[in-house]
Amino acid sequence: MSLAGASPAPTSLPRWHTHLHNRQRYYRLGLAAAPRLPHRARRWLAVRVARLGAGWFPDERAAVGRNLARVAPDREADWLEGAVDRVFENFAVCFADLLSLNREAEPRLWRSVTGVTEQAPARAALARGRGAVAITAHLGNWDLAGRALAVLGRPVHLVMAPETDARVGALLAGARDGPVRVVRLRSPWSAVELVAALRRGDIVAFQMDRALGGRGDCRVPFFGAPAPFPLGPFIVAAAAGAPVVPAFCVLQPDGRYRLHVEPAFAVHRGEEASGLRAAVALLEGYVRLHWAQWFNFFDVWDGASRA
C-alpha cells in the first residue's frame with residue numbers, strides 16, 4: 001500500500017496518558033460527585049479545582065504552553081501563561097460533564113447540546129451500507145460527540161488506546177450507558193473487528209490527534225511543522241470502504257455544547273495518507289478557533305523532533 005506524502009513517525013511509546021493522578025480513586029471520586037451537582041455548580045467547582053491544582057502538573061502545563069506557542073506563535077509569554085490556565089479550566093469542565101452526561105437519559109442529555117450542524121452528509125454516508133468512520137479529537141467533549149452521533153441510528157464503537165491503569169479503563173467503560181461501546185486497541189485483531197462492524201453499517205469513532213508511538217503513525221504538516229498522527233483510522237476506512245465523517249463537540253460560552261459534523265469524504269486503498277493529511281488540515285482549523293479546548297497534555301510535535 002502506497003503512503004506517499006507521509007513519513008513514518010518514531011516508534012518510541014508516547015507518555016501523554018501517564019501522570020500521578022491518572023488513578024482509579026480519583027475517577028471514582030469524580031463519578032460519585034459530578035453527576036449529583038447541578039450544571040452551574042458542577043462547572044463552578046470544576047474551574048475552582050483546576051485553579052487549585054494548577055501547581056500539580058508542571059510538566060503538563062509546560063507541554064500545553066509549547067503546543068499553544070505553535071498554534072499562536074505571535075503571542076507573548078504573558079498571554080501563553082493565561083492561555084494554559086484556560087485550557088486546564090476548560091478541561092476540568094468538559095471532564096466533569098463527561099462523567100455526568102454519560103449517565104443521562106437521551107432527552108436530558110440533549111439539553112446540554114445547543115445545536116448540531118447539518119447531518120445530512122453523515123446520514124447519506126450511512127445510507128450506503130458501509131457504516132462510517134467518525135474522526136474526532138481531544139477537542140471539547142469528545143465523548144459527547146460519540147453519543148451525539150448515535151442519534152443517526154447505528155451503534156457507535158469508540159476506539160481508544162488502553163489506559164495505563166486498566167482499572168481506570170474499566171471504570172470509564174462501565175460509566176458509558178447506551179449505544180456507545182468502548183473498544184481498546186490491544187492487538188491487530190481489533191482492526192478486523194472494526195472492519196466487521198463497519199460492514200454491518202455501524203459507526204466506528206477514532207480520536208485522531210494522539211499518535212500511538214508505533215509504525216502505524218505518520219508525520220504530516222500541522223501548524224507549519226511535521227507532527228505524528230495515527231494512520232489507522234484511514235486504513236480501517238479504506239479496508240471497509242467506509243466514508244470518513246469528521247465531528248467535533250465544542251463547549252460554548254453558556255456551558256452547553258455544539259456538535260460540528262463536517263461533510264463525509266472517501267478514502268480509497270493506497271490513499272490513506274492523503275485522507276490523513278486532509279483530516280489533519282481540518283483539525284488545524286478547529287484547533288486554531290478553539291485552542292482553549294484542545295486537551296493534549298504532552299508535546300504533540302515532540303516525537304517528530306526526535307526523529
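The values are calculated or read from the model by the stated rules, or taken from the named source; none is laboratory data. Just so it is clear, the structure is predicted and the values come from calculations on it, not from any experiment. Positions of Cβ are generated from backbone atoms using ideal geometry, with glycine treated the same way; all protein chains shown enter the neighbour counts. Areas reflect the complete protein model, heavy atoms only, side chains present, ligands, DNA and RNA absent. Shrake-Rupley method; radii C 1.70, N 1.55, O 1.52, S 1.80 Å.
For this structure, a couple of remarks:
- Filtered residue count, the stretch 267-299, keeping only those that are hydroxyl-bearing (Ser, Thr, Tyr) and over 23 Å from Phe88 (Cα atoms): 1
- Being among the acidic types (Asp, Glu) and under 19 Å from Cys94 (Cβ atoms) holds for only one residue in Asp302, Asp209, Asp217, Asp202, and it is Asp209.
- Residue within the stretch 145-154 that is open to solvent by 20 Å² or more (accessible area, probe 1.4 Å), modelled with pLDDT of 75 or more and part of a loop (DSSP other than H, G, I, E, B) present: yes
- Enumeration of residues in the stretch 255-307 that are more than 18 Å from the chain's Cα centre (by Cα), of a type in the set (Gly, Ala, Ser) and under 20 Å from Asn67 (Cβ atoms): Gly303, Ala304, Ser305, Ala307
- Among the residues making up the stretch 39-52, those that are within 23 Å of the chain's Cα centre (by Cα) and without any contact (Cβ under 8 Å) to a residue 60 or more places away in the chain are Arg42, Ala46, Val47, Val49, Ala50.
- Top-ranked residue in the stretch 279-307 [being closer than 21 Å to Arg147 by Cβ and in a loop (DSSP other than H, G, I, E, B); ranked as modelled with the lowest pLDDT]: Phe295
- Wholly enclosed strands (runs of 3 or more DSSP E) of the stretch 194-278 bearing at least 2 residues under 25 Å from Leu98 (Cβ atoms) and open to solvent by 10 Å² or more (accessible area, probe 1.4 Å): 203-207, 257-261
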